[in-house]
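The values are calculated or read from the model by the stated rules, or taken from the named source; none is laboratory data. These numbers come from a predicted model, not from an experiment. As a convention, Cβ positions derive from the backbone with ideal geometry for all residues, glycine included, and neighbour counts pool all protein chains shown. In case anyone asks, the SASA skips ligands and DNA or RNA and just uses the protein heavy atoms, side chains included. Shrake-Rupley method; radii C 1.70, N 1.55, O 1.52, S 1.80 Å.
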Amino acid sequence: MNATPIGLRQLEGGGVTSAAGFKAGGIHAGFRKKTPDRLDLALVEADEVCSAAGTFTTNVFCAAPVIVSRENLGEGCAGTARAVVVNSGNANAATGDVGLETARRECQIVSEAVGCAAEDVLVASTGVIGQHLPLEPFETGVPALRAKISAEGGAEAARAIMTTDTVPKECAVAYESADPAYAGTTFTVGGMCKGSGMIMPNMATMIAVVTTDAPVAPAALRAALLAAVQRSFNKVTVDSDTSTNDTCFALASGAAAPGAAPIVQGTPAYDELAAAVLEVCTQLARKIAVDGEGATRLVTVTVEGAADDADADLAARTVANSPLVKTAIYGHDCNWGRIAAALGKSGARFSQRDVSIDIMGLPVCREGLTVPFDEDEALRRFEEPEITIWADLGAGCAATTVWTCDFTHEYVTINGDYRT
């Protein structure tokens, strides 16, 4: 894991309820009938209606909860919310008007339990596409879940949103504001997400909820979230597939500075908050990549020397998505030719004579030509949990980093058996 930036303090065991003003929990409501021991319904609730924002999938087959949550957030996907409800086991995608009515009824059920307007409830679903989502588990599960949520329930909520994930994904950071308007105030940003397969922007497949106790205007919260998503979740790929349900919510309770003016863009406080949101999203994004379906290694692909940002992204993403590169990593094969081939087909502008490539810190290509390296040393380095690939295109000053994982036999098994 990358070191936490200076000024941000990592919170051990932190998650979506680390920020003040939030409660959460998870319960088995019955969406996963075959696995009654698995939590399948999560609720994150703010103490009061607060600023909220969201980013969503660009898939044309977007799911009903995506449509309804966009409606509830309003123009620009920046508004207010009191609660987020997430079910796993059924995506409520490709379900037409029935699915939309179900998602809206979810909002009503939660609003009645919480005591807020239905428009102040955000919904997300994850699981199998094309099956109607039953309402009965919400009708019985939401009141039971609402009765048990707590400030210590973040970990339970993180488990409830898992699908093929092998571990829950959570983190949180805190920082003391140096902005004179909030001098001495400690703010916290935390979050949870799920994601393991169908991972490719925009956005990377996931359901994520990020919370903060900083007072933030909705537009500023949306700006910070969008900037962070573009540099984190949108830099993750497992298998180049984009889901129908990708959703990332952010909620800001303001509980750490009651009565304070909301943070707006163009201030030191905004820059601090944006850095904290980026750090949380980056940590969660890396957790998605390392937990890719069947994965044994986190793979970090860095491309430098690109002509512009678009070329840097094209090159890095093509390497990260290459089945040949990913299977070579699984086989501990330091085959730089596969990386070069991926760069060459990416569409990025460069001359092969200007390219340099390192694998796990070992120079393997310079000026487009092979560099002798110790194969035994390469094998040793492939035992590390994180595999790094670095390429310099020699065509400019743009750079980017993309996270992925290796391809294994287990990936095929998981996806071949997904509905059975």
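Tabulated values for the structure
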item: Output for the range 302-311, where each listed residue is in a strand (DSSP E or B) and open to solvent by 40 Å² or more (accessible area, probe 1.4 Å); result: GLU304
item: Test: residue in the range 267-274 that is open to solvent by 50 Å² or more (accessible area, probe 1.4 Å) and closer than 30 Å to ASP179 by Cα; result: yes
item: Residue among ALA19, ALA29, ALA24 that alone is modelled with pLDDT of 95 or more, part of a strand (DSSP E or B) and touching a Gly at 6+ places or on another chain (Cβ under 9 Å); result: ALA24
item: Selection count where residues are open to solvent by 10 Å² or more (accessible area, probe 1.4 Å) and either out of contact with any Pro (no Cβ under 7 Å at 6 or more places or on another chain) or part of a strand (DSSP E or B) (or both), scope the range 176-193; result: 9
item: Selection from the range 378-389 of residues that are open to solvent by less than 70 Å² (accessible area, probe 1.4 Å) and either in contact with a Ser or Thr (Cβ under 6 Å, 6 or more places away or on another chain) or farther than 18 Å from ARG366 by Cβ (or both); result: ARG381, PHE382, GLU386, ILE387, THR388
item: Residue in the range 129-136 that is assigned to a helix (DSSP H, G or I) and either open to solvent by 10 Å² or more (accessible area, probe 1.4 Å) or modelled with pLDDT under 95 (or both) present; result: yes
item: Test: CYS171 is buried (at least 24 other Cβ atoms within 10 Å of the Cβ) and touching a residue at least 12 places away in the same chain (Cβ under 8 Å); result: yes
item: Evaluation of ILE288 against (1) β-branched (Val, Ile, Thr); (2) assigned to a helix (DSSP H, G or I); (3) open to solvent by 10 Å² or more (accessible area, probe 1.4 Å) (one fails), failing number; result: (3)
item: Candidate set: the range 391-420, residues that are of a type outside the set (S, T, N, Q) and open to solvent by 70 Å² or more (accessible area, probe 1.4 Å); chosen: the one modelled with the highest pLDDT; result: CYS397
item: Single residue of ALA285, ALA274, ALA256 found to be in contact with a Phe, Trp or Tyr (Cβ under 6 Å, 6 or more places away or on another chain), within 28 Å of GLY15 (Cβ to Cβ) and at pLDDT 95 or above; result: ALA256
item: Which listed residue is on the phi > 0 side of the Ramachandran plot and within 22 Å of the chain's Cα centre (by Cα), from GLY13, GLY30, GLY54; result: GLY13
item: Residue check, PHE31 of a type in the set (Phe, Trp, Tyr), touching a strand residue (DSSP E or B) at 6+ places or on another chain (Cβ under 9 Å) and touching a residue at least 40 places away in the same chain (Cβ under 8 Å); result: yes
item: Test: residue in the range 208-223 that is modelled with pLDDT under 95, touching a strand residue (DSSP E or B) at 6+ places or on another chain (Cβ under 9 Å) and not hydrophobic (A, V, I, L, M, F, W, C); result: no
item: Check on ALA160, of a type in the set (A, V, I, L, M, F, W, C) and over 23 Å from the mean Cα position of the chain (by Cα); result: no
item: Condition met for GLU12 (under 19 Å from CYS171 (Cα atoms) and either free of Cβ contacts under 8 Å to residues at least 12 places away in the same chain or part of a helix (DSSP H, G or I) (or both)); result: yes
item: Flag for THR404 being of a type outside the set (A, V, I, L, M, F, W, C), outside any helix (DSSP H, G or I) and under 27 Å from the mean Cα position of the chain (by Cα); result: yes
item: Residues located in the range 315-326, provided they are assigned to a helix (DSSP H, G or I) and of a type in the set (Gly, Ala, Ser); result: ALA315, ALA316, ALA320
item: Verdict on THR95 being surrounded by fewer than 23 Cβ atoms within 10 Å (Cβ to Cβ), touching a Pro at 6+ places or on another chain (Cβ under 9 Å) and in contact (Cβ under 8 Å) with a residue 12 or more places away in the chain; result: no
item: Meets criteria (closer than 30 Å to ALA257 by Cβ, part of a strand (DSSP E or B) and touching a residue at least 24 places away in the same chain (Cβ under 8 Å)) for GLY79; result: yes
item: So VAL280, is it of a type in the set (A, V, I, L, M), closer than 28 Å to ILE67 by Cα, under 12 Å from the mean Cα position of the chain (by Cα) and modelled with pLDDT of 95 or more; result: yes
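Quick grid of which residues meet (1) farther than 25 Å from ALA227 by Cβ; (2) acidic (Asp, Glu); (3) open to solvent by 10 Å² or more (accessible area, probe 1.4 Å); (4) outside any strand (DSSP E or B):
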| site | (1), (2), (3), (4) |
| --- | --- |
| GLY294 | yes, no, yes, yes |
| THR300 | no, no, yes, no |
| ASP313 | no, yes, yes, yes |
| ALA328 | yes, no, no, yes |
| GLY337 | yes, no, yes, yes |
| ALA348 | no, no, yes, yes |
